[in-house]
Amino acid sequence: MKSLFLKIFLSFWGAQALFVVLAIVVTLAFRPRTSSWEGLLATASNDSVNAYEQGGAPALREYLANLESTQHVRAFLFNENMEEVAHRGAPEWALRVASGGPRIPHEGFIFPTPPPVLRDSRASSDGLHRYTLVLSPPPGPRLFLGPRGLPIPGLIMLSISSGLVCYLLAWFLTMPVVRLRAATRQLAAGDLTARSGASNLGRSDEVAGLMRDFDAMAERLEGLVKAQSRLLNDISHELRSPLARLNVALGLARQRSNVESAVMLDRIELEAGRLNELIGRLLTLARLEDGEQRAPSTPVLLEEVVLSVAEDAEFEAQERHCHVHSDIPAGHWEVPGDASLLHSAVENVVRNAVRYTREGSTVEIHLEKKESSTGSEAVVRVTDCGDGVPPDALKKLFQPFYRLDDARGRQTGGVGLGLAITERAVRFHGGRVAAANRAEGGLVVEIHLPLVRSSPRPEETLEPVPVSSGQ
């Protein structure tokens with residue numbers, strides 16, 4: 001049983017049921033035994049017959065009334081003609097028992113109990129008459145007594161009422177935990193505005209205190225992340241100005257340079273370009289991490305984005321004698337979002353694959369459609385023929401500034417921001433991205449994006465497009 005609600009509910013309900021059962025057992029254990037009832041019946045039978053013979057009906061009525069007040073039982077005396085000799089108006093059940101009818105009940109429902117209605121026949125002192133005494137507890141409210149002496153309807157009512165009370169109590173205790181868990185999941189998913197709502201509960205117990213602490217922590221985390229994002233954004237913008245002046249100075253220096261200094265100027269230009277690219281990526285990452293923007297709903301033709309990225313990557317792959325092949329089936333490939341961000345997301349994955357695939361190999365880009373619980377989605381699958389990554393590093397690939405090998409990162413010029421931008425951009429568009437190692441070697445990265453729900457346009461569908469050169 002994993003539910004805290006069920007544990008609390010069943011524990012309280014079981015405890016109440018145990019208390020009720022124990023109360024019934026104790027009550028039945030101290031009830032008068034059969035021998036006590038039989039002794040009282042024998043004594044009352046003799047005394048009632050003697051009282052009737054000596055004082056008639058008035059003396060008998062006085063005796064039976066005294067018996068009822070002292071022993072809390074009702075008694076009726078019948079003659080051989082089944083006439084109630086005290087003239088008290090015997091009920092039907094007393095007449096039925098006196099005439100030899102069934103005793104109700106015969107025995108207890110769960111535990112053996114003495115019959116609540118007894119009869120005893122005695123002859124008169126002269127032997128000419130025979131009298132029958134019927135003895136029973138006094139009539140009272142029998143709403144909570146079952147047909148065999150146990151409070152069955154009362155037990156049912158008690159079970160229902162106690163179950164309702166236990167349910168409300170368990171809900172009261174576990175409801176804050178459920179809300180706290182939901183807020184924790186939202187925070188873990190990246191929603192920094194998630195709060196448990198402790199201020200709306202009006203409670204001051206330990207669980208409410210835990211919820212208030214969580215809200216304070218979430219608010220603090222949101223402030224820190226936003227401050228970090230603003231700092232990153234501000235620094236990136238501030239770096240753009242000296243970088244622009246550096247490029248201007250570089251252009252002036254080229255006008256006055258000779259052949260010997262051209263190599264150094266080329267190196268300066270290369271590093272300045274890398275720095276400019278890094279600043280651009282930092283600005284993109286800061287914009288995606290801000291969390292306040294909303295993805296635009298403008299339809300974007302994903303097949304055009306993939307085709308454009310494949311053509312650019314094919315040109316870049318020629319340096320390593322590699323090729324890029326794209327497979328785009330005919331169909332409806334419109335996704336809502338920002339074309340520039342989607343292009344950057346796909347491009348980062350493809351360029352990463354071209355960068356680390358083996359020389360002379362081919363990077364495959366497949367576009368396919370899948371059905372999910374939320375609707376149709378497009379899947380961009382990028383496959384390379386490299387060495388793959390360690391299994392424990394697969395989830396870290398999309399973290400900012402994460403690199404498997406610093407030496408390899410310096411060699412390829414990467415700083416660990418490309419896949420991080422891809423993950424943020426895809427999540428920004430309501431999708432997801434995942435990476436896995438191939439059994440035959442290499443890495444496969446899948447980008448899942450929701451498709452626009454509309455009918456396909458045949459005039460805009462594309463046939464499978466291979467993009468490759470230098471075969």
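Readers should treat all values here as calculations from the given coordinates under stated rules, not as data from a laboratory. What you see is a predicted model, and the numbers here were worked out from it, not measured in a lab. Virtual Cβ from ideal backbone geometry, glycine too; neighbours counted across all protein chains shown.
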(request) Note the full-extension length gain between SER241 and LEU173 as 0.36 nm times their separation in residues minus their Cα-Cα distance, in nm to one decimal. (result) 18.7 nm
(message) Calculate the FRET efficiency for GLU277 and GLU368 from the Cβ-Cβ distance with a Förster distance of 41 Å, rounded to the nearest 0.05.
(response) 0.85
(request) Just subtract the alpha-carbon distance of PHE315 and GLN399 from 0.36 nm times their residue separation and send over the number in nm, one decimal. (result) 27.4 nm
(request) Would you list which aspartates and glutamates come within 17 Å of LYS369, measuring only between C-alpha atoms, while excluding same-chain residues fewer than 8 positions from it? (result) GLU303, GLU304, ASP327, GLU334, GLU377, GLU446, GLU460, GLU463
(request) Could you work out how far apart the two model spin labels at SER11 and THR70 are, taking each label as a point 7 Å from the Cα in the direction of the beta carbon, and quote it in nm? (result) 5.4 nm
(message) So, R0 is 51 Å and r is the distance between the beta-carbons of ASP191 and GLU359; what FRET efficiency does that work out to, to 0.05?
(response) 0.70
(message) If amide hydrogens are placed 1.01 Å from N in the peptide plane, which non-local residues have theirs closer than 5 Å to the one on SER326?
(response) ILE365, VAL467
(request) Round to the nearest 0.05 the FRET efficiency obtained for LEU250 and GLU304 when R0 = 30 Å and r is the Cβ-Cβ distance. (result) 0.25
(request) For LYS226, list the lysines whose Cα falls under 27 Å from its own Cα; do not include residues on the same chain fewer than 8 positions away. (result) LYS395, LYS396
(message) With a cap of 11 neighbouring Cβ atoms within 10 Å, and only residues DSSP puts in a loop, list the GluC sites (Glu not before Pro) found in the stretch 287-390.
(response) GLU292, GLU359
(message) Quick check for you: which residues of the stretch 154-194 have the amide N under 20 Å from the point 7 Å beyond the Cα of PHE19 toward its beta carbon?
(response) 154-174
